[in-house]
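Enquirer: Right, I'll just put the structure down here and ask away after.
The values are calculated or read from the model by the stated rules, or taken from the named source; none is laboratory data. It should be emphasised that the depicted structure is a prediction, and the values quoted were computed from it without experimental measurement. Quick reminder, even Gly has a Cβ in these numbers, built from the backbone with ideal geometry, and neighbours come from all protein chains shown.
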Amino acid sequence: MYHLIVGAISVAIFAALTSLIWFGGHQWTDAKLRAELVAVSQQEQQIGGALMLYQQDNVRAPNGENAALLDQLHSGGYLKDVPPGAWFISSDGTRIGKPLDGQTPESCAKLNALAGFDAVCPPCDSETDKAAPICQQPL
């Protein structure tokens, strides 16, 4: 009789956990996307601050693009560490970003909506939507 009760309780717990994941899984996905968005935006701010300090110290923009530019900022002491990932930086330094892991146009639009922007995924070279924090890199 004891084994029957333990088995029934185990099945009930398993069913409850399964339904929790089935019906509440999107909230965990949203939380993961928000955490990744916050991390990327903080890293963008660090890169932007390093670019601004470089320009103030040297009265010109640094040479290079993307990884070379980040290496130059790191070697000059403006960045303690180069943030991980494939960062892209526009030539004028107004657009800094990084493709998110597993980014699809749908997740890109969802992240923009979570950040308080239109639920679209604009191309990264779009001048009209350059305020959106997440953009779609051309392939």
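Enquirer: Give me the pairs: first residue in region 40-61 and more than 30 Å from Leu114 (Cβ to Cβ), second residue part of a helix (DSSP H, G or I), beta-carbon distance under 7 Å, and six or more apart or on different chains, which are they?
Expert: Matching pairs, first to second residue: Tyr54/Leu73; Ala61/Gln55.
Enquirer: Considering only region 47-67, how many residues are of a type in the set (A, V, I, L, M, F, W, C), modelled with pLDDT under 85 and surrounded by 13 or more Cβ atoms within 10 Å (Cβ to Cβ)? Talk me through it step by step, then tell me what you get.
Expert: So in region 47-67, the residues of a type in the set (A, V, I, L, M, F, W, C) come out as 47, 50-53, 59, 61, 67.
Narrowing further to those that are modelled with pLDDT under 85: 59, 61, 67.
Next, from what is left, pick out any that are surrounded by 13 or more Cβ atoms within 10 Å (Cβ to Cβ): 61, 67.
Residues that pass the stated criteria total 2.
Enquirer: I'd like to know if region 54-61 contains one or more residues that are closer than 19 Å to Ile96 by Cα, small (Gly, Ala, Ser) and not in a helix (DSSP H, G or I).
Expert: yes
Enquirer: Examine region 68-84 for a residue that is surrounded by 10 or more Cβ atoms within 10 Å (Cβ to Cβ), assigned to a loop (DSSP other than H, G, I, E, B), at pLDDT 80 or above and within 18 Å of the chain's Cα centre (by Cα), and state whether such a residue exists.
Expert: yes
Enquirer: While we're looking at this one, here's another question. Yes or no: region 8-28 includes at least one residue that is of a type in the set (Gly, Ala, Ser), within 18 Å of the chain's Cα centre (by Cα) and surrounded by fewer than 13 Cβ atoms within 10 Å (Cβ to Cβ).
Expert: No, because not a single residue in region 8-28 is of a type in the set (Gly, Ala, Ser), within 18 Å of the chain's Cα centre (by Cα) and surrounded by fewer than 13 Cβ atoms within 10 Å (Cβ to Cβ).
Enquirer: Among (1) outside any loop (DSSP other than H, G, I, E, B); (2) modelled with pLDDT under 75, which single condition is Pro99 missing?
Expert: Pro99 satisfies every listed condition except (1).
Enquirer: Scan region 30-46 for residues that are surrounded by 15 or more Cβ atoms within 10 Å (Cβ to Cβ) and in contact with a helix residue (DSSP H, G or I) (Cβ under 7 Å, 6 or more places away or on another chain) and jot them down.
Expert: Leu33, Leu37
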